[in-house]
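Please treat every number below as a calculation from the coordinates, not as lab data. Because the structure is a prediction, the values reported are computed rather than measured. Using ideal geometry, Cβ is built from the backbone for each residue, glycine included, and neighbour counts are taken over all protein chains shown.
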Amino acid sequence: MPEPSKSLLKLAAKLFAVEGDRTAFIQALTAPQPLAPSILWTRPKPADLDWPTLPPLSWQPSQVERLEGDRRPGQHPLHGQGYYYCLDFSSVFAASLLQAIADPIEVAIDLCAAPGGKSLCTWVMRQPQRLLCNEVVRKRVKILIANLKRCGAMDAIVLNQDPAVLAEQLPYSAQLVLVDAPCSGQSLLAKGVDVPGCFHKVTLNRNANRQKRILANAAQLVQAQGYLLYSTCTYAPQENEQVCQWFLKRFPEFQGVSVQAMDEFQSHLTALPCYRLWPQSGLGAGAFAMLFHRHKGSRQSLNEDFLAQWQFKLHPKNSTTSSH
Ligand code: SAM
């Protein structure tokens with residue numbers, strides 16, 4: 001096992017009081033093990049497909065499967081034909097909180113959508129009548145559109161807006177808003193990817209502040225009795241539990257939702273209903289997720305003029321890019 005950096009040792013000490021947990025965490029990041037590939041079925045699974053799968057976990061959405069062995073589903077023709085989307089099981093972990101929402105979802109807005117994993121999870125698992133997929137970074141919109149089209153989510157509405165613009169134009173319009181936030185990306189280490197600066201205080205502060213700004217805008221989009229799902233793929237509490245604490249204080253009309261099915265993943269770093277998948281679980285590279293419920297507020301319809309003007313069109317008879 002390579003020597004862990006000082007920063008990693010410091011983070012491990014902050015996260016875990018028990019030495020065995022610290023060691024397992026450090027080992028998962030310094031000597032990453034291969035993870036079982038997982039797929040989200042976006043079209044009905046062919047009846048004659050004989051891929052061996054791992055037994056589903058109790059909270060695993062029925063549309064997701066983990067494949068046994070060293071299969072590479074991204075290279076199979078079914079992938080190109082849009083039968084499924086390949087995703088890290090950590091994404092499935094975060095998306096699985098959506099199962100705790102009992103009400104049907106009419107309008108869902110994914111504020112940080114590219115390359116499209118959580119949008120497609122929402123589309124398949126919750127089947128909203130309107131799915132708005134927003135990606136602020138223009139050059140990432142192309143991959144988002146390509147994935148939505150490949151998987152058949154042709155009615156998704158793709159936008160390329162700053163969340164502040166959406167908050168202004170589409171207030172109180174969604175039953176569900178997703179903020180799969182840009183973060184310091186520490187969990188990439190558990191996939192063997194180097195992430196320079198991912199433990200640095202400046203990186204953590206910058207990301208935490210950006211997440212707060214996105215969440216503040218997201219809050220304006222959620223209508224009364226609606227939900228907000230916040231997730232990251234990093235371990236630092238400054239970006240996760242502490243952002244949630246800040247959010248609840250700043251927006252008291254929201255409260256955290258306890259998801260009983262995920263009890264075993266309750267973060268030991270807070271009393272709030274925050275859920276963590278640690279890399280040493282062997283299930284995924286790591287994830288953080290919390291679901292918020294808005295108990296007070298207004299309801300408004302979508303601003304159709306705004307959508308008509310700014311959406312990227314996915315249907316083949318139209319262009320794939322907006323005219324602006
Ligand atoms: N949800 C995606 C999925 O499941 O495939 C992954 C989202 S990724 C973790 C975070 C996304 O947020 C990136 O696509 C990034 O371009 C976008 N982003 C970066 N800065 C942002 C900002 N200030 N506001 C909103 N999104 C931002």
| remark: Toy charge model, Lys and Arg Cβ at +1, Asp and Glu Cβ at -1: the stretch 126-272 dipole around Cα centroid in debye, rounded to 20, equals 540 debye
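Only counting other Cβ atoms within 10 Å, I'd like 150, 43 sorted with the fewest neighbours first.
Details: 150 18, 43 13.
Fewest-to-most ranking of 150, 43: 43, 150.
Express the C-alpha Rg of the chain as a ratio against the empirical globular expectation 2.2 N^0.38 Å, rounded to two decimals.
Working it through for the chain, the quotient is 0.98.
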| request: Would you calculate a helix-derived [θ] at 222 nm for the chain, using -39,500 (n - 2.57) for each DSSP H run of n ≥ 4 and dividing by the full residue count, to the nearest 500? | output: -9000 deg cm²/dmol
| field | Between the stretch 110-142 and the stretch 147-199, the Cα center-to-center distance that results, in Å | value | 7 Å
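Using only the Cα atoms of the stretch 1-66, build the gyration tensor, take square roots of its eigenvalues as a ≥ b ≥ c, and label the shape rounded, prolate or oblate: rounded if a/c is under 1.5, else prolate if a/b is larger than b/c, else oblate. Walk me through the intermediate numbers first.
Numbers: a/c = 3.70, a/b = 2.75, b/c = 1.35.
Since a/c reaches 1.5 and a/b is larger than b/c, the shape of the stretch 1-66 is classed as prolate.
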| Suppose every K and R has +1 on its Cβ and every D and E has -1 on its Cβ; what is the size of the dipole of the chain about the Cα centre, in Debye to the nearest 20? | 780 debye
| Going toward the positive end of the dipole of the stretch 7-101, with +1 on Lys and Arg Cβ and -1 on Asp and Glu Cβ, which of 95, 11, 39 do you reach last? | 11
| remark: Amide H proximity to residue 157 below 5 Å, modelled H, separation 5+ or other chain, gives 131, 132, 133
| task | Please state the charge dipole magnitude for the stretch 1-135, taken about the Cα centre, from unit charges on C-beta atoms (+1 on K and R, -1 on D and E), reported in debye and rounded to the nearest 20. | result | 240 debye
| query | Tell me, how many Å apart are the Cα centres for the stretch 12-43 and for the stretch 222-283? | reply | 18 Å
| Where is the GNM fluctuation largest for the chain (alpha-carbon springs, 10 angstrom cutoff): 151, 244, 112? | 151
| request: Give the shape of the stretch 1-158 as rounded, prolate or oblate, defined through the alpha-carbon gyration tensor: a ≥ b ≥ c are the square roots of its eigenvalues, a/c under 1.5 means rounded, and otherwise the shape is prolate if a/b is larger than b/c and oblate if not. | output: prolate
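Does the stretch 135-234 come out rounded, prolate or oblate by the C-alpha gyration tensor, with a ≥ b ≥ c the root eigenvalues, rounded set by a/c under 1.5 and, if not, prolate when a/b is larger than b/c and oblate if not? Walk me through the intermediate numbers first.
Numbers: a/c = 2.09, a/b = 1.31, b/c = 1.60.
The shape class here is oblate.
Which pairs break 29 Å Cα to Cα here: 142/191; 10/191; 45/212; 10/212? Kindly include the intermediate steps, with their values, before the conclusion.
Working: 142/191 25 Å; 10/191 20 Å; 45/212 39 Å; 10/212 25 Å.
Flagged as over cut-off: 45/212.
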| request: Using θ = phi - 60° and the Karplus relation 6.51 cos²θ - 1.76 cosθ + 1.60, list the HN-Hα couplings for the stretch 64-69 in order, rounded to whole Hz, with x at every Gly or Pro. | output: 10, 10, 9, 8, 7, x
| field | Selection from 237, 220, 303, by position along the positive dipole direction of the stretch 212-324 (Cβ) | value | 303
| query | Tell me, what ³J(HN,Hα) does each residue in the stretch 47-61 have, in order and in whole Hz, if you take phi through Karplus 6.51 cos²θ - 1.76 cosθ + 1.60 with θ = phi - 60° and put x for Gly and Pro? | reply | 5, 8, 7, 10, 5, x, 10, 7, x, x, 7, 4, 9, 5, x
